[in-house]
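Accompanying notes for the structure given below.
The values are calculated or read from the model by the stated rules, or taken from the named source; none is laboratory data. As the structure is a prediction and not an experimental result, all values here were calculated from the model. Positions of Cβ are generated from backbone atoms using ideal geometry, with glycine treated the same way; all protein chains shown enter the neighbour counts.
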Amino acid sequence: MNENYKTKLTYKVLLITTQALMIMTFFLKTITLSVGGWGKDVLEGFGVNSKNIIKVSELDIFRGVYLGISKTEPERGIIFLLLIPIVVALSLIIKKCYEKLSEKVVSIVAIVLNVIYLFIMNTYISNSHSTDLIKVTKTFPYYLSIFAALVAIVGFALVLAHAISFDDNIEELMNIGKKKVDASSSASSVSDVASDATSVSDATAEKKETPNFCTNCGNKLNPGDVFCTNCGAKVE
């Protein structure tokens, strides 16, 4: 297959994916409302279910949730949980946008918007429907959107710090990092081999310092002798 047709996993693609996940969770059942007390009797009367549990999405909270004969007040601020990731994703998709404004400006705006997203998620989802009768339980999509926002914040922070660029290929950067580690390991191995060779050379030199017997008369020599104590010949 021609490499030109291969999809490159760039940081821009990764960051757009995180925003897409945040958009998707707006329509998923993000939280569970568990109703107790007299509210439980009301819901049973309307045949909600035996466990008195209602699963709702952020869209449901935006429009208002029906609880038996009543409906909760619509939380219009929830719409920002949909608008924020759309704005950030479009700023990355439209190349002219981040080229004209610069990656730095787009990253700063994106970080701020993602932090606002996290604040809205925590404030509205946790507190908007929590009462004496209703207990709010967060589900997997909720934590998925939180994770996506945190990954996006870290990614934009790296771009802001000039550690990466939107168009950098993640696979190539990982390969570069791997090559650096391999090069470091190779240099360490060469250093170890050189050190071992030096040790062998020193040991060989020590063995050659003093022979055991005089080559002239055969007299036994002591370590450190320069001349033979028997014939006076120089020790070689």
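So in the stretch 133-164, with the set limited to residues that are aromatic (Phe, Trp, Tyr) and surrounded by 15 or more Cβ atoms within 10 Å (Cβ to Cβ), which one is farthest from Ile111 (Cα to Cα)?
The extreme case among them is Tyr142.
Looking only at residues in the stretch 153-186 that are among the acidic types (Asp, Glu), at pLDDT below 80 and under 19 Å from Lys12 (Cα atoms), the one that is nearest to the chain's Cα centre (by Cα) is Glu171.
Mind listing whichever residues of the stretch 71-82 are of a type outside the set (S, T, N, Q) and over 25 Å from the mean Cα position of the chain (by Cα)?
Applying the first criterion (of a type outside the set (S, T, N, Q)) to the stretch 71-82 yields 71, 73-82.
Scanning the stretch 71-82 gives Lys71, Glu73, Pro74, Glu75, Arg76, Gly77, Ile78, Ile79, Phe80.
Does the stretch 202-234 hold any residues that are modelled with pLDDT of 75 or more and of a type in the set (Val, Ile, Thr), and which are they? Thr215, Thr229, listed by residue number.
Among the residues examined, Leu150 qualifies as modelled with pLDDT of 85 or more and out of contact with any strand residue (DSSP E or B) (no Cβ under 6 Å at 6 or more places or on another chain). Of all residues assigned to the stretch 39-51, none qualifies as being more than 18 Å from Tyr143 (Cβ to Cβ), at pLDDT 75 or above and aromatic (Phe, Trp, Tyr).
Conditions (1) closer than 26 Å to Ala163 by Cβ; (2) modelled with pLDDT under 80; (3) of a type outside the set (S, T, N, Q), marked per residue:
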position	(1), (2), (3)
Glu99	yes, yes, yes
Glu103	yes, no, yes
Ala110	yes, no, yes
Tyr117	yes, no, yes
Met121	no, no, yes
His129	no, yes, yes
Lys135	no, yes, yes
Lys138	no, no, yes
